[in-house]
Amino acid sequence: MKAKLLWISALLLSVMIGLGITSCTNSQRVDLTPQEQLGKFLFNDKNLSLNNNLACASCHGSGVGYTGQDEPINLHGAVYEGSIAGNFGNRKPPSAAYADDSPILHNDAVAGWVGGMFWDGRATGWTMDNPLAEQAKGPFLNPMEHAVPNAQTLCDKVKASNYVNLFTEVWGSISCADDTAVGVAYDNISVSIATYEGSKEVSSFTSKFDAFWNKAKIKGKNVTQVSMANWENYKSLGLNNDQLNGLAIFNTKANCSSCHTLDEGIAGYPLFTDFSYDNLGIPKNPENPATIADPNWADPGLGGFLEKTALYSTVSSTEIGKFKVPTLRNVDLRPTTTFVKAYGHNGYFKSLEGIVHFYNTRDVLAVCPGDYTEPQALQANCWPAPEVAENMNTKQVGNMGLTAVEEKELVAFLKTLSDSSLP
Ligand code: HEC
Ligand code: HEC
């Protein structure tokens, strides 16, 4: 029933786009439920930070696919400043969109560790049964982010907000009278935000690829089976030859889809992640403030989190240096064609061309003689040593044997994953 409704609204949307009705404001474009609208207010409210200067949206901007939207930052350290000046995180913001299918963090017999939120999975979902809502609790009290001193203060701020009536409509009246009441409010705040992140406004499935996916489905063609041998059977469904060849390489020769899966998610479209963890051997970002402060620091990723848990500390060593496979949706979404975005957990990469070339040649090119940045490494035709050498995936990535043309086609395909109806 819900799927059908979604489908009808998708159809309506494409009719609107067909008629050129795309300049209307976003609130007219997507009807949010009261809970989603409440989540939107919370997501965009700078008053919910210590110095009233930072919202979730500050680090997760819609115009760049809900990741970092400050070009000078992306170009260098790629980590963002919190509400308190000078307090930086040590990782690049991943997309806050398309994350809600990530299951509760668990160790799968075949896939290994799967699920949770954050690059290292530490918003596990173990307490709320909802990793995305659990994640949304983190930033408010994190001194590197919103830096609110405690949940009580957050509750008071929401109670004093100009959308408190909507909060009451959705959850009943808000009380910050004691710890129990504050706990309930804090849960309701985080669930509202998670609901907004999963809404049709944030996770809209309106890319060129999605239109192609829909057309292929109507024709009875399975997009997960596109290969370098059969790609021509998928012509005239909305992707041009370069993009189609890129998809074929993505599925076969480069086998990107073994991690960035094309399998259908809950909404019926691929999320381009299986929510598993890998160490790709991405170099240190020498411009990350955490690396500048301590050149020997290496981000331990999932293993670093597991090490601190009571149950899994003994099995953490095989997970050091692994990070969650990110969605590839909106990786190329940017306000202008030359706008620079950063890629990877530490934002080492500054271009899709760069990261694709790295996948293809990590184990082929010479090791750079120093901590080169991505542009320096591309110029010198080398790659720096990995940030973490242990547990590096050498089977699937590092030497893919792709030609320069095939690398370009892969990038052309990645560019079809940008949503067209973002606010
Ligand atoms: C100062 C910048 C900053 C602010 C503000 C911020 N985030 Fe983030 N966000 C990040 C960074 C950096 C990460 C990755 C951190 C990590 O993995 O340790 C992240 C991770 C996430 C993720 C995980 C996505 C995934 O696939 O694992 C979600 C969802 C998210 N943020 C949503 C939010 C919400 C909701 C808020 C507001 C309550 C918020 N963020 C505020 C920087 C920020
Ligand atoms: C073995 C699993 C695996 C395979 C195969 C794989 N990836 Fe990834 N991908 C990852 C992981 C894990 C990350 C994050 C790693 C990190 O930041 O340290 C990532 C990150 C990325 C990013 C950065 C996204 C962002 O928002 O920062 C892009 C782009 C990307 N991959 C594209 C590709 C392409 C294209 C291919 C095929 C050539 C590919 N991947 C193959 C696991 C994989």
Cut-off 11 Å between beta-carbons: net charge of the residues surrounding L244, Lys and Arg +1, Asp and Glu -1
-2
Taking the Kirkwood radius as the inverse of the mean 1/r across Cα pairs, report the Rg/Rh of the range 33-197.
0.97
Less than 12 Å Cβ to Cβ from S102, Lys/Arg counted +1 and Asp/Glu -1: what total charge do the surrounding residues give?
-4
Among all the aspartates and glutamates, which ones have a C-alpha under 14 Å from K40's C-alpha, if same-chain residues fewer than 8 places away are not counted?
D31, E197, E201
Between S175 and A111, what length in nm is gained on full extension when 0.36 nm per residue of separation is reduced by their alpha carbon distance?
18.7 nm
Above-threshold pairs, the threshold being 22 Å between Cα atoms, out of K324/K408; K46/K208; K253/K415; K137/K415; K92/K341:
K324/K408; K46/K208; K137/K415
Can you give me the C-alpha center-to-center distance between the range 199-259 and the range 280-324, rounded to a whole angstrom?
34
Average accessible surface area per residue within the chain, 1.4 Å rolling probe, Å²
45
Per-residue [θ]222 nm for the chain (sum of -39500 (n - 2.57) over DSSP H runs n ≥ 4, rounded to 500):
-10000 deg cm²/dmol
Which of the peptides 172-179, 95-102 is most tightly packed, and how do the rest follow, judged by the mean count of other Cβ atoms within 10 Å per residue?
95-102, 172-179
Could you please state, rounded to a whole Å, how far the C-alpha centre of the range 32-100 is from the C-alpha centre of the range 359-423?
26
Point-to-point label distance, K159-E264, nm (Cα→Cβ direction, 7 Å offset):
4.7
On the protein heavy atoms, probe 1.4 angstrom, tell me the percent of accessible surface of the range 33-197 carried by carbon and sulfur.
53
Using a Förster distance of 35 angstrom, determine the FRET efficiency expected from the C-beta separation of D129 and D70, and round it to 0.05.
0.55
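The values are calculated or read from the model by the stated rules, or taken from the named source; none is laboratory data. Worth saying up front: this structure is predicted, and the values here are computed from it rather than measured. Note that each Cβ is placed from the backbone with ideal geometry, even for glycine, and that neighbours are counted across all protein chains shown. Note: areas computed on protein heavy atoms with side chains; ligands, DNA, RNA excluded. Shrake-Rupley method; radii C 1.70, N 1.55, O 1.52, S 1.80 Å.
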